[in-house]
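The values are calculated or read from the model by the stated rules, or taken from the named source; none is laboratory data. These figures come from a predicted structure and were not determined experimentally. Positions of Cβ are backbone-derived with ideal geometry, glycine not excepted, and every protein chain shown enters the neighbour counts.
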């Protein structure tokens, strides 16, 4: 499964970068989201995956008695997922506004700085 | 999307989902769940209600702008971290606990209040974003 | 002692708020601060001259051995007295010189900032705090040189000075760190006892070079000298205070401070003699070609600094004695000459020496000050300058090697300096008063009094050398590690070679003064050689550097997101790919891998299909839906592999993201086919390459052993310390609670950003701007 996951990560990275390299604004955002998912999975995989042992201490004991999944990557990814929601929503709105003000959705036409326009 | 079935269902779903989100929030310390997930579920509950009944109805239900939840939640989280500094001269974010566990909820401590703060902020942020967008869309 | 240093800083801060009270008549009161400090430091004279060393240590960054420790010995006392004493006179002089200036308070703020920094520099016993104060003097000097900030030439000179001295500052820091790593301490006092260890270290030469570059840039030694003449764009009080009496001597101070630590080595001595020698002769000759009084003085100052470096390089007891006396001599006469020049400039509006003359008729007290200073500068008895010159000759004659060349060089320098002193101190006052200056007014008391005080002191110390002998000169020599108790300063040493050299100097110098008048013609002649001077070489270098960086920036910062991303990705792929193919040992231990079940395989296939559909579909809605599917598939992966919290969060966020997209999708632009076939192939190849590299990288990391120490700690203590059983949640709200607090703050900011972007409408006028 690890190999499959690594391939998935590769696919997500490739797709993310490919979409970011497009000139269309909407594709840029989709690319960022795909890339973010890939990064989350990468952290998850590199923290080693464990099946059926969530990092939750059993009800009757005070410490783990058996093997458990590493909680640290999970905490990191949880944070990353929530933050990326903030980023995505901001990016979407930024694109929407930019589209409205600049009246283009071609990234290449947006490269002029304020001074020139 | 204002179908009768969805509207009727959402009226019952909203309180149910909200109770569920609080449940998820409270059990977070022992089982999967917590402030982030709880907050997101609560936010989805409101968004669902807004889809079914229209944004204005949902806003009327809330009575205040969801944005206000952000400073409230941030303040709560910050104070729960600050409490040990003021009360006991301990470092910032030291966990404080009531000695006896409460029925149903379990043991209550500063971490729980912190989680409630997170819960409120997440609701506030999500609803602010979604409401603002659907208003201007 | 800390209070004495902080006083200047506090006053500078105070002026920020209460500045307007000091713009008017009260301005002169600010001279009380250096005056009081002068009295404070003067009260230490008896203790210091009896051989005591006063030190105070305040902890600053104890973990790195950086303290605010201060040491008052003979050397630092001499400098402290110069800083506060001349500071007192300059502060008073400024009140009159810049009377009614709009930013007089600001000027005083910079001045006292500088004074405090300079005091800190000479009192610091810790190399790191010395460096901090060193940089502060450079910065305050920058503000003072650029004080007339509406004048482009001023701004340029200020930048040059900051550039050169800041460059030296880096070297000082490097030298400090190097010495710190050799000795294991930053305390200069402690380094004193490790002289052998430092000299024996393989980094000795490097440390010395670093210290040299720092000292040479600050003290304007060849080839870093050119910032000093430019710095003369500053108002005259600044030139007097910083660029002749105190700041430029910081380099000299540094060399003297490190003489007992690094000195007495061939490399140290010979380098100093050569650099000092070149500087003193080179700039003394340069002084001949100037018509601007301040230009003459600037070059003669550089030359004097060269003499000091040269004397430190000689490294004998007599040389140290000469250096100690010469510092006092130079501070007294050069400050006087600068003040006099300032008065002339202020009253007549010109500093061009060819246009000046006969001013004694108008400003007699100034003329007296100027002439006395010129006498001291020329080393004519009974001035203290004579003492200084005698000692210098004495020291040079006992140089170990190349004695003849050294003596010729120093005599030549002294002759030219005599000429420079006469031109600045005597020439404007003698001869016929030009018609243009007939109705020039006499300067106020506050202006000429400081000049006269300094000039008279120059003569007084010459007649009564015992005034400075045991109080100032000898403690300095003993700080340098030599014993001078058997030596007595006196004007008369009998007929000997030194006296003969003095007589020659004076005679030739005066002869030169009468036959070589400064003229614009001479000045233009040296201008022709300007293109090979260190100044123009540096300026050209700077120019090409900025042209190059503009070009470089335009290549990379071209405004196309695509190009940035391409560059980064390409670099990553090539670099990581190179390393991975360099040692292709992707060992996959198949036994450790978990099994692939049928439903997992199904999820993987759905996920990959979803990704491909997202990328290649022509419909935006379809892309968003496919993206939702990808998110849900990832959610399932989290479920399979023991991350229920992640699964729940991913699920909620995925739902919300899709809702968000659907809400705004119809306001968003339609997909466009903007790129051609070739471009897509190119990007595709690049993306696939990146994907492959990341995939291989992940596999390679998996082959390495893990370290789950942190996770184990949290897991072990989750219930015991934080009374929680869901370890992920405990980490988020308890162990790393502060991080989460910041995170929700960031989330709030993004929500406010969204709100602001959509709700705040710019007016059409704002938008068009």
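Need a quick list: helices (runs of 4 or more DSSP H) entirely within segment C:670-769 having at least 1 residues that are within 10 Å of chain A (Cβ to nearest Cβ) and either modelled with pLDDT under 80 or more than 24 Å from residue B:113 (Cβ to Cβ) (or both).
Output list reads C:677-703, C:709-722, C:737-759, C:764-768.
From the list B:78, B:51, pick out the single residue that is part of a helix (DSSP H, G or I), within 11 Å of chain C (Cβ to nearest Cβ) and modelled with pLDDT of 85 or more. I'd like the intermediate steps shown before the answer.
Values: B:51 fails: modelled with pLDDT of 85 or more.
Sole residue among the options that is part of a helix (DSSP H, G or I), within 11 Å of chain C (Cβ to nearest Cβ) and modelled with pLDDT of 85 or more: B:78.
Let me confirm something: among A:72, A:63, which residue is within 13 Å of residue C:727 (Cβ to Cβ), surrounded by fewer than 18 Cβ atoms within 10 Å (Cβ to Cβ) and either facing chain C (nearest Cβ under 7 Å) or in contact (Cβ under 8 Å) with a residue 24 or more places away in the chain (or both)? Even if it seems obvious, please write down each step before you answer.
Details: A:72 fails: surrounded by fewer than 18 Cβ atoms within 10 Å (Cβ to Cβ).
Checking each option against the conditions leaves just A:63.
Return only the number of the condition from (1) in contact (Cβ under 8 Å) with a residue 60 or more places away in the chain; (2) over 22 Å from residue C:86 (Cβ atoms); (3) assigned to a helix (DSSP H, G or I) that residue C:278 does not satisfy.
(1)
Do the conditions hold for residue C:211, that is, is it surrounded by fewer than 22 Cβ atoms within 10 Å (Cβ to Cβ) and not assigned by TED's automatic domain parsing to the domain that holds residue C:93?
Working: surrounded by fewer than 22 Cβ atoms within 10 Å (Cβ to Cβ): no; not assigned by TED's automatic domain parsing to the domain that holds residue C:93: yes.
Judged against the criteria, residue C:211 is not a match.
Among (1) over 30 Å from residue C:715 (Cα atoms); (2) in contact with a helix residue (DSSP H, G or I) (Cβ under 6 Å, 6 or more places away or on another chain); (3) facing another protein chain (nearest Cβ under 7 Å), there is one condition residue A:4 misses while meeting the rest; what is its number?
Only one criterion is unmet by residue A:4, namely (1).
Does at least one position in segment A:77-92 carry a residue that is surrounded by fewer than 24 Cβ atoms within 10 Å (Cβ to Cβ), closer than 22 Å to residue B:28 by Cα and more than 7 Å from every other protein chain (Cβ to nearest Cβ)?
yes
Can you confirm whether residue B:9 is touching a helix residue (DSSP H, G or I) at 6+ places or on another chain (Cβ under 9 Å), at pLDDT below 90 and either at the interface with chain C (Cβ under 8 Å from one of its Cβ atoms) or part of a helix (DSSP H, G or I) (or both)? Step through it out loud before you land on a result.
Values: touching a helix residue (DSSP H, G or I) at 6+ places or on another chain (Cβ under 9 Å): yes; at pLDDT below 90: yes; either at the interface with chain C (Cβ under 8 Å from one of its Cβ atoms) or part of a helix (DSSP H, G or I) (or both): yes.
For residue B:9, the condition - touching a helix residue (DSSP H, G or I) at 6+ places or on another chain (Cβ under 9 Å), at pLDDT below 90 and either at the interface with chain C (Cβ under 8 Å from one of its Cβ atoms) or part of a helix (DSSP H, G or I) (or both) - is met.
Hey, among B:4, B:18, B:40, B:25, which residue is surrounded by fewer than 14 Cβ atoms within 10 Å (Cβ to Cβ), at negative phi and either in contact with a helix residue (DSSP H, G or I) (Cβ under 8 Å, 6 or more places away or on another chain) or more than 9 Å from every other protein chain (Cβ to nearest Cβ) (or both)?
Values: B:18 fails: surrounded by fewer than 14 Cβ atoms within 10 Å (Cβ to Cβ); B:40 fails: surrounded by fewer than 14 Cβ atoms within 10 Å (Cβ to Cβ); B:25 fails: surrounded by fewer than 14 Cβ atoms within 10 Å (Cβ to Cβ).
Testing whether each residue is surrounded by fewer than 14 Cβ atoms within 10 Å (Cβ to Cβ), at negative phi and either in contact with a helix residue (DSSP H, G or I) (Cβ under 8 Å, 6 or more places away or on another chain) or more than 9 Å from every other protein chain (Cβ to nearest Cβ) (or both) leaves just B:4.
Give me the helices (runs of 4 or more DSSP H) completely within segment C:1-97, filtered to those with at least 2 residues that are touching a helix residue (DSSP H, G or I) at 6+ places or on another chain (Cβ under 9 Å) and closer than 24 Å to residue C:340 by Cβ, ordered by residue number. Lay out the reasoning, then the answer.
Values: elements: C:2-18, C:32-42, C:45-49, C:74-97.
So the answer is C:32-42, C:74-97.
From the list C:90, C:28, which residue is touching a residue at least 60 places away in the same chain (Cβ under 8 Å), surrounded by fewer than 19 Cβ atoms within 10 Å (Cβ to Cβ) and assigned by TED's automatic domain parsing to the domain that holds residue C:121?
C:28
Name the residue, out of A:57, A:20, A:43, A:30, that is over 22 Å from residue B:122 (Cα atoms) and more than 7 Å from chain C (Cβ to nearest Cβ).
Numbers: A:57 fails: more than 7 Å from chain C (Cβ to nearest Cβ); A:20 fails: more than 7 Å from chain C (Cβ to nearest Cβ); A:30 fails: more than 7 Å from chain C (Cβ to nearest Cβ).
Testing whether each residue is over 22 Å from residue B:122 (Cα atoms) and more than 7 Å from chain C (Cβ to nearest Cβ) leaves just A:43.
If you take the residues of segment A:44-56 that are over 29 Å from residue C:749 (Cβ atoms) and surrounded by 21 or more Cβ atoms within 10 Å (Cβ to Cβ), which of them is modelled with the highest pLDDT? Give the derivation first.
To start, the set of residues in segment A:44-56 that are over 29 Å from residue C:749 (Cβ atoms) comprises A:45-46, A:48-56.
Next cut, surrounded by 21 or more Cβ atoms within 10 Å (Cβ to Cβ) only: A:45, A:49, A:54-56.
On the way: A:45: 89, A:49: 81, A:54: 81, A:55: 82, A:56: 81.
The qualifying residue modelled with the highest pLDDT is A:45.
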